[in-house]
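Contents: one structure, followed by commentary.
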Amino acid sequence: TDNYDYTVTDNHTNLKWVKAPGPKLGLASAKDLCKKISDIYQSEWRLPSLTQLKSLVDKSQKNPALPKPNPFDDVKSAKGDGYWTRDITWQPRYRLDYQWVVTFHDNGSSWPLPQTGVHYTWCVSARR
């Protein structure tokens with residue numbers, strides 16, 4: 001549901017999303033952007049979990065893999081365009097923490113990528 005305040009509420013999960021995801025940023029800057037949105041809306045906004053972000057995916061759709069009609073603006077969905085999640089996974093081969101990233105190109109693929117990368121930012125709030 002479009003809340004007409006630059007946010008969208010998912011009626012299935014009761015999560016509130018920014019209507020237009022943010023730019024490609026490093027992980028720390030993406031978290032900072034969500035904190036700034038928290039200040040504007042005076043409620044907690046953060047990067048979504050992997051499960052939360054994948055809850056938006058409609059595997060029957062492509063470019064973007066979101067349900068139709070989709071109330072969001074400017075969702076980047078070119079091949080390789082990923083969105084940060086807050087979920088971390090240890091990659092023993094590299095001895096580093098990697099962050100889970102989700103794409104909306106085709107079927108909502110997700111994969112762990114280095115925390116040093118830049119990806120799109122889509123902040124979420126659990127408050128309605």
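The values are calculated or read from the model by the stated rules, or taken from the named source; none is laboratory data. Just so you know, these numbers come straight off a predicted model, no measurement behind them. FYI the Cβ positions are ideal-geometry reconstructions off the backbone, even for glycines, and counts take in every protein chain you see. Please note that ligands, DNA and RNA were not included when accessible areas were found on the heavy atoms of the full protein model with its side chains. Shrake-Rupley method; radii C 1.70, N 1.55, O 1.52, S 1.80 Å.
Tell me, yes or no, whether segment 77-88 has at least one residue that is among the hydrophobic types (A, V, I, L, M, F, W, C), open to solvent by 40 Å² or more (accessible area, probe 1.4 Å) and assigned to a loop (DSSP other than H, G, I, E, B).
For segment 77-88, residues among the hydrophobic types (A, V, I, L, M, F, W, C), open to solvent by 40 Å² or more (accessible area, probe 1.4 Å) and assigned to a loop (DSSP other than H, G, I, E, B): present.
Is there any pair linking a residue in segment 13-25 that is touching a residue at least 40 places away in the same chain (Cβ under 8 Å) and more than 16 Å from K35 (Cβ to Cβ) to one that is in a strand (DSSP E or B) and open to solvent by 60 Å² or more (accessible area, probe 1.4 Å), with Cβ under 7 Å and at least six apart or on different chains, and which?
Every condition considered, the pairs that remain are K24/V118.
Would you call A65 out of contact with any helix residue (DSSP H, G or I) (no Cβ under 9 Å at 6 or more places or on another chain), among the hydrophobic types (A, V, I, L, M, F, W, C) and part of a loop (DSSP other than H, G, I, E, B)?
Here the answer is yes, as A65 does meet what is asked.
Does D87 qualify as being of a type in the set (D, E) and modelled with pLDDT of 95 or more?
Answer is yes for this residue.
Quick one: which residue in L66, L47 is buried (at least 18 other Cβ atoms within 10 Å of the Cβ), in contact with a strand residue (DSSP E or B) (Cβ under 7 Å, 6 or more places away or on another chain) and at pLDDT 90 or above?
That would be L47, the only listed residue that is buried (at least 18 other Cβ atoms within 10 Å of the Cβ), in contact with a strand residue (DSSP E or B) (Cβ under 7 Å, 6 or more places away or on another chain) and at pLDDT 90 or above.
When segment 47-62 is examined, which residues are found to be assigned to a loop (DSSP other than H, G, I, E, B) and over 14 Å from V18 (Cβ atoms)?
Of everything in segment 47-62, those that are assigned to a loop (DSSP other than H, G, I, E, B) and over 14 Å from V18 (Cβ atoms) turn out to be S49, S55, V57, D58, K59, S60, Q61, K62.
Here are some residues: D97, D39, D74, D58. Which one is surrounded by fewer than 15 Cβ atoms within 10 Å (Cβ to Cβ) and under 20 Å from T1 (Cβ atoms)?
D74
In segment 14-46, how many residues are in a loop (DSSP other than H, G, I, E, B) and closer than 14 Å to W122 by Cβ?
4
Tell me which residues, restricted to segment 104-128, are of a type in the set (V, I, T), open to solvent by 10 Å² or more (accessible area, probe 1.4 Å) and either modelled with pLDDT of 95 or more or under 14 Å from the mean Cα position of the chain (by Cα) (or both).
V118
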